[in-house]
Structure formats: structure tokens, C-alpha cells
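Report on one structure; see the data block that follows.
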Amino acid sequence: MPRRLANLVLLAAIAMLLASGIVAWLLSETAAGALYVAHRIAGVAFVLTLAWKYAIARRSLRRRGVAGSGVWIGLATAALTITASSLGLAWTAGLVSFDRPFGYSALNLHVIAGLAVGVLVVAHALARGESRPALVTFGGRRAALRGLALLAASFVATAALDRVALARRGSGSRHAGSFTGNAFPVTIWSLDSVPSIDVESWRLRVRGSESARPVEISYVDLTTLPRHDVSVVLDCTGGWWSEQMWSGVSLTDVLARCGMSEGATRVEVISVTGHRWTFDRPEAERAILATHVGGQPLSPGHGYPLRLVAPSLRGFLWIKWVGEVVAA
């Protein structure tokens, strides 16, 4: 494969990996399904193209040596590329998981390395940039056949890896035990420490709009609202999933206590630690504020006294230790 074509394929694959990986986090499970598949195909295409890139880089190092910042950026990019690709393939094949062999999830390490590769690729392109080739140079039969062969090989390899990795969800997450009460893993998206909350003095502040006076609801007050028991899968970006029976109150019932306007389109849920997220109204109407899991009061690590349960959304959006809700 010509040098410039190989570089272009790698650049396109990296762009697809970053876009599909990041955007899929923000979408519902159904909406993100195609992105999960695209991410795996782009990853396989990326790894396959590295064979050509290796030959190109080896010739370049023989000709230029290791002098110059651009070369060192390229070597750092290569090291992180090997790390990210190896972790991604090992995760897909089931050789590593969220609880082995590191204390930190191997999937998170893959994500961190992948993001770093994206940054270094930009720096490498700026330091060692080359003139953009005319698109017509890639329009020949040979280039088209190589591209089709690479795409076909990527589809076949992805399908083979998917057959090996039947134990994971489309997001890549692996099962961490279901219907176990508080026994499922504890992870905290924003690296907050678990707060110590006195439930007697704790109050949930609820506002129907930014300008409205907030209503304060105690833990005891919550028990007077209609209870909802729902079986929902928590799919954590740390690479694990767990289905639990959650019990709590509807988020819309809570907002009704402050007279949420019919025109409100967004609901912001805020943790006592500052972690927050804004949901559109349909997402908020499906959510509950849970006080119990598996018949047990939430443990402090799982968000006691109140956490958001957002069906079909990824775990980092399930705000723990909820302290305020605002509709706008």
C-alpha cells in the first residue's frame, strides 16, 4: 500500500474510533448499537493497516535516524498505538477484563491510551506533515481493490472476534453479577470520594425552573410518594454491566412537587459532589430516583441516600448522591 494511502487509512480509522467511541457513550443503548459495530470494524482495519505503516516507519528510521522531535513524537505514538490496540484486542477476546489483570479496568486503560494516540497523531502530523495527494491518485483499480480487501478483512475479523466474545454486551462490557443487591462493583466516574451524608438533615432540592423557589424534600417525604420497582441494567464505562432491581420514586413525581411547567424540556440532576448531567424530558420521564437496590438501602458507595437510575443510558450518567434536580 502506498505511504500516503496507508497514512490516510490510518487517519480515517483513528477519526472513526474516536468519534464512535465518544459519541456512543452519550447515546442510548439502542441508538449506539451501530456505533459499537463501527468502532470494532475501524479498530480491526486500524490494526491491519499497521502492517503497512510498520514498513513505512522502518524505512524512514533507516533513512533519517532518530534525530528530530517529529521522530520522537512518532515513536511515542507507536508505543501508545501498540498499547491501545493490544488492550482493545485482548478485551474483545476476553483475555483482560474490568477486574483483571490490573487494579484499574483494562477497558479504561484502552480508552485513555486511545485518546492519547489521537492527540499525538495531530502533533505528529503537524511535525511531519506532508503535502496532501490529489484524490485522483487513489482512484486507480489497484488502490480500490486494496481498500475493498482491507474492508472485507475487517468485517470478517470483526465477526470472528464477536463470536469469541459472546459473554460481553455490544458496548464491550462484561457481566459483573446480577440481582445481588449492593454486591455489584463500585466505580465513581468523576473520581469523587464517597461523601458522608446525614440522612436526617439531608434534603433534595427541587426547582421547576431556574427562577422558581426550590422545594426541599426529606428522605421521609420521599417514602410518601408512589414507589416504583424496576429491573434495569447498569452498563458502566469501566467495562462491566449488572442487572439489578431498583426501587425508588419517579423523577417526574418529584418534579411535580414543585410544579414543573408543561413547557420544560430539560432536567438537570446534580450530585452533592458537583457531578451533574442534563437530560431531555423523555429521558427524565423514564428515570427514577432510587433509594434501594435488591431490597436493600443503597450503600454509600452506590449513592446513598439517593441515586438516579436512567434506563438504557451508560452508568456515568446515573448520578449518585443526588442533592438537587432542576427542570428548565
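For Ala57, state whether it is over 27 Å from Leu191 (Cα atoms) and touching a residue at least 12 places away in the same chain (Cβ under 8 Å). The answer is yes for Ala57. Figure legend. Inter-residue proximity from the range 300-328: first residues free of Cβ contacts under 8 Å to residues at least 24 places away in the same chain, second residues open to solvent by 10 Å² or more (accessible area, probe 1.4 Å), beta-carbon distance below 8 Å, spacing 6+ or different chains. Indicated pairs: Gly303/Lys320; Arg307/Lys320. Restricting the range 167-210 to residues that are closer than 24 Å to Val254 by Cα and among the hydroxyl-bearing types (Ser, Thr, Tyr) leaves a set whose member that is least open to solvent (accessible area, probe 1.4 Å) is Ser209.
Taken over the range 244-286, residues that are more than 14 Å from Leu225 (Cβ to Cβ) and either outside any strand (DSSP E or B) or without any contact (Cβ under 8 Å) to a residue 24 or more places away in the chain (or both) amount to 19.
What do you reckon, is Val194 aliphatic (A, V, I, L, M), closer than 25 Å to Arg314 by Cβ, touching a helix residue (DSSP H, G or I) at 6+ places or on another chain (Cβ under 7 Å) and part of a loop (DSSP other than H, G, I, E, B)?
On the way: aliphatic (A, V, I, L, M): yes; closer than 25 Å to Arg314 by Cβ: yes; touching a helix residue (DSSP H, G or I) at 6+ places or on another chain (Cβ under 7 Å): yes; part of a loop (DSSP other than H, G, I, E, B): yes.
Against the criterion (aliphatic (A, V, I, L, M), closer than 25 Å to Arg314 by Cβ, touching a helix residue (DSSP H, G or I) at 6+ places or on another chain (Cβ under 7 Å) and part of a loop (DSSP other than H, G, I, E, B)), Val194 qualifies.
Candidates are the residues of the range 82-110 that are at pLDDT 90 or above, open to solvent by 40 Å² or more (accessible area, probe 1.4 Å) and of a type in the set (A, V, I, L, M); the one that is farthest from Phe46 (Cα to Cα) is Leu109.
Checking each residue in the range 263-288 for being open to solvent by less than 10 Å² (accessible area, probe 1.4 Å) and over 22 Å from the mean Cα position of the chain (by Cα) picks out only Ala264.
Taking the condition more than 30 Å from the chain's Cα centre (by Cα) and either modelled with pLDDT of 95 or more or part of a loop (DSSP other than H, G, I, E, B) (or both), does Leu225 pass?
On the way: more than 30 Å from the chain's Cα centre (by Cα): yes; either modelled with pLDDT of 95 or more or part of a loop (DSSP other than H, G, I, E, B) (or both): yes.
Yes, satisfied.
Picking from Arg163, Arg213, which residue would you name as being in a loop (DSSP other than H, G, I, E, B), open to solvent by 80 Å² or more (accessible area, probe 1.4 Å) and either closer than 30 Å to Ala93 by Cα or not small (Gly, Ala, Ser) (or both)?
Answer to the check: Arg213.
Quick check on the range 172-191: of everything there that is in a loop (DSSP other than H, G, I, E, B) and in contact with a helix residue (DSSP H, G or I) (Cβ under 7 Å, 6 or more places away or on another chain), which residue is farthest from Tyr304 (Cα to Cα)? Restricting to residues being in a loop (DSSP other than H, G, I, E, B) and in contact with a helix residue (DSSP H, G or I) (Cβ under 7 Å, 6 or more places away or on another chain), the top hit is Gly172.
Taking the range 15-35, which residues are open to solvent by 50 Å² or more (accessible area, probe 1.4 Å) and among the hydroxyl-bearing types (Ser, Thr, Tyr)? Result: Thr30, single match. Among the residues of the range 299-328, those identified as under 13 Å from Pro195 (Cα atoms) and of a type in the set (Ser, Thr, Tyr) are Ser299, Tyr304.
Of all the residues in the range 289-322, those that are closer than 19 Å to Ile217 by Cα and either open to solvent by 10 Å² or more (accessible area, probe 1.4 Å) or assigned to a helix (DSSP H, G or I) (or both) number 4.
Among the criteria (1) modelled with pLDDT under 90; (2) part of a helix (DSSP H, G or I); (3) open to solvent by 30 Å² or more (accessible area, probe 1.4 Å), the one Ser60 does not fulfil is (3). Screening the candidates Ser242, Ser218 for the property of being closer than 18 Å to Lys320 by Cα and touching a Leu at 6+ places or on another chain (Cβ under 7 Å) yields one hit, Ser242.
The values are calculated or read from the model by the stated rules, or taken from the named source; none is laboratory data. On a predicted model such as this, the values are computed, not experimentally measured, just so you know. Note that we place each Cβ from the backbone using ideal geometry, even for glycine, and neighbour counts take in every protein chain shown. Remember, those area values only see protein heavy atoms, side chains included, never the ligands or the DNA or RNA. Shrake-Rupley method; radii C 1.70, N 1.55, O 1.52, S 1.80 Å.
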